[in-house]
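Since the structure comes first, as structure tokens, the remarks are kept for the end.
The values are calculated or read from the model by the stated rules, or taken from the named source; none is laboratory data. A quick note: this is a predicted structure, and the numbers were derived from the prediction, not measured. When we count neighbours, we look across all protein chains shown, and the Cβ atoms used for this are built from the backbone with ideal geometry, even at glycine. Surface accessibility is based on the protein's heavy atoms, side chains included, excluding ligands, DNA and RNA. Shrake-Rupley method; radii C 1.70, N 1.55, O 1.52, S 1.80 Å.
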Amino acid sequence: MRPLLLAVLFALPAAAHADPTTATLSPFLDAVAACAGRPDLTLAVIGVEPGQTALSREQAEEVRLAVESRLQATGRVRLAPAADVVRIKGLREGTTGLLGAEAEAQIRAAFSGDASVFLVEPRRAGETAALRLQAITRNAACKATSEPLILPIRVGAGVADIDAVMESAVKAFAGMAPNAGTVEVCPFVAEGGHSTCAGVLTDRLVIALDAEARAPNRILKGARLDVRRTPPGTACAGALTARGRFLTDQNRQSFMELEFQRDGAVLAPTGRRRIGIEGLGCDPTPRPFLDHLAATARTDAGRLTVAATATPFSAGQRLEMRIEARARQNLYCWVVAPDETAFVALPVRDNAASAAPLKPGEAKRYPRGYGLDEIVAGEPFENLFACFGVEGGLPPELAARWLAAAPGADGEAKLLQPPDVLDLLDKIRATPGVTEATARIVVR
């Protein structure tokens with residue numbers, strides 16, 4: 001084959017795969033070189049602004065890495081690891097015992113370059129992101145801005161990063177209510193039922209508000225912000241409140257809405273934002289309360305089981321529940337209704353036998369096995385019989401609250417209202433080593 005033909009064939013793949021994005025960077029790099037006063041450039045690609053909501057955090061990192069790759073492909077740029085200082089610091093400390101002064105020096109070196117490159121005005125359209133590169137020289141005397149770049153991104157369930165949406169809404173709230181002294185955080189509401197994701201989103205909002213409360217500008221001005229969290233099931237009231245909703249659609253896509261209110265007026269609403277929940281460790285499925293309670297129970301069949309002796313029970317039939325323990329533990333059982341109210345079933349006040357811990361392998365039937373009167377099924381209903389098993393018993397304060405609502409020789413059990421039920425549930429589940437078991441009581 002002739003040399004000229006060989007040269008053409010070897011040149012074809014490079015031309016066929018030339019990246020138009022890389023070609024559009026030449027005018028930008030010319031402008032940066034003119035700013036820096038040197039042709040060979042060292043650039044620190046910082047990335048997108050933390051508060052932007054066009055891209056999720058994963059997508060923003062992908063875009064930053066893609067920009068670095070395009071810059072390197074021009075053959076005109078060296079990259080300073082400005083966005084990777086945390087990794088550098090962790091590596092050095094983990095392997096060489098880096099001193100504080102040395103860490104500071106390395107961080108400064110990581111940012112040293114002819115210019116810092118920011119990714120500005122990100123816009124997302126389908127599976128691509130459009131943005132501009134803006135370079136600012138080290139002495140901040142000159143800047144250069146590129147033409148818009150179009151980059152591919154991976155599209156998953158998340159369009160907006162949850163924390164970025166929270167931070168953006170909190171900043172907007174702080175701008176509209178700069179003198180706010182207290183904000184009441186209402187629990188996120190899951191549309192169509194209960195979802196563990198609603199609680200996680202409430203946690204993320206509290207974190208974002210706490211960061212605002214500790215912001216240097218706020219501290220320097222003495223503008224204190226108290227962040228208060230309303231307990232679940234309690235009416236949320238206050239001059240300033242934060243209210244959120246969690247939603248899912250038929251395609252299992254997740255959404256959130258957040259707004260602040262001052263005396264009924266809406267401040268800083270986010271609107272409905274589609275979010276990715278993959279990293280939250282929560283179940284987005286909205287469920288009725290009893291289903292939610294059973295699905296989130298800390299069950300361990302190797303330690304404790306509960307079962308109804310019939311499913312369903314018929315009117316006039318004796319209601320019984322079989323409780324079996326495979327480890328020594330004190331039991332705290334209640335009957336929970338769909339409306340989030342509950343009656344304590346065990347232990348019974350002034351009844352030492354009902355408070356005695358079950359031994360490994362021991363099984364009892366409630367109520368007869370505890371010396372209590374029989375219960376006969378009447379009108380149709382569906383409740384949940386749920387037990388907590390705790391080796392050594394609940395902490396004294398929780399045990400006292402539980403027994404105060406328990407039945408006794410002198411009267412029936414006290415009907416616990418939703419705020420008490422939800423608060424007790426949260427606190428008991430936070431007890432180290434607690435085990436749960438649940439079973440439906442269905443009367444047809």
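What to note about this one:
- Failed item, numbered, when T311 is tested on (1) open to solvent by less than 50 Å² (accessible area, probe 1.4 Å); (2) out of contact with any Ser or Thr (no Cβ under 9 Å at 6 or more places or on another chain); (3) in contact (Cβ under 8 Å) with a residue 24 or more places away in the chain; (4) part of a loop (DSSP other than H, G, I, E, B): (1)
- Any hit, the range 226-240, residues being hydrophobic (A, V, I, L, M, F, W, C), within 14 Å of I162 (Cβ to Cβ) and open to solvent by 30 Å² or more (accessible area, probe 1.4 Å): no
- Any chance T299 is under 29 Å from G199 (Cβ atoms) and of a type in the set (V, I, T): yes
- Any chance T137 is hydroxyl-bearing (S, T, Y), in contact (Cβ under 8 Å) with a residue 12 or more places away in the chain and open to solvent by less than 20 Å² (accessible area, probe 1.4 Å): yes
- Restricting the range 405-444 to residues that are assigned to a loop (DSSP other than H, G, I, E, B) and among the β-branched types (V, I, T), the residue that is surrounded by the most Cβ atoms within 10 Å (Cβ to Cβ) is V434.
- Residue in the range 275-289 that is exposed (fewer than 15 other Cβ atoms within 10 Å of the Cβ) and at pLDDT 90 or above present: yes
- Checked against the criteria, E259 counts as assigned to a strand (DSSP E or B), more than 30 Å from E362 (Cα to Cα) and open to solvent by 30 Å² or more (accessible area, probe 1.4 Å).
- Residue match in the range 377-388 (condition: farther than 21 Å from V442 by Cβ, aromatic (F, W, Y), modelled with pLDDT of 95 or more and surrounded by 16 or more Cβ atoms within 10 Å (Cβ to Cβ)): yes
- Verdict on L205 being touching a helix residue (DSSP H, G or I) at 6+ places or on another chain (Cβ under 6 Å) and more than 30 Å from T128 (Cβ to Cβ): yes
- Test: residue in the range 259-278 that is closer than 30 Å to V434 by Cβ and within 22 Å of the chain's Cα centre (by Cα): yes
- Residue ranges of strands (runs of 3 or more DSSP E) in the range 128-234 with at least 1 members under 23 Å from the mean Cα position of the chain (by Cα), at pLDDT 85 or above and not aliphatic (A, V, I, L, M): 182-185, 226-229
- The numbered conditions (1) open to solvent by 20 Å² or more (accessible area, probe 1.4 Å); (2) touching a helix residue (DSSP H, G or I) at 6+ places or on another chain (Cβ under 8 Å); (3) within 19 Å of G271 (Cβ to Cβ) are all true for G193 except (3).
- Condition met for T296 (among the polar types (S, T, N, Q) and touching a strand residue (DSSP E or B) at 6+ places or on another chain (Cβ under 8 Å)): no
- Hits in the range 63-82 (condition: under 33 Å from the mean Cα position of the chain (by Cα) and either in a loop (DSSP other than H, G, I, E, B) or among the hydroxyl-bearing types (S, T, Y) (or both)): S69, P81
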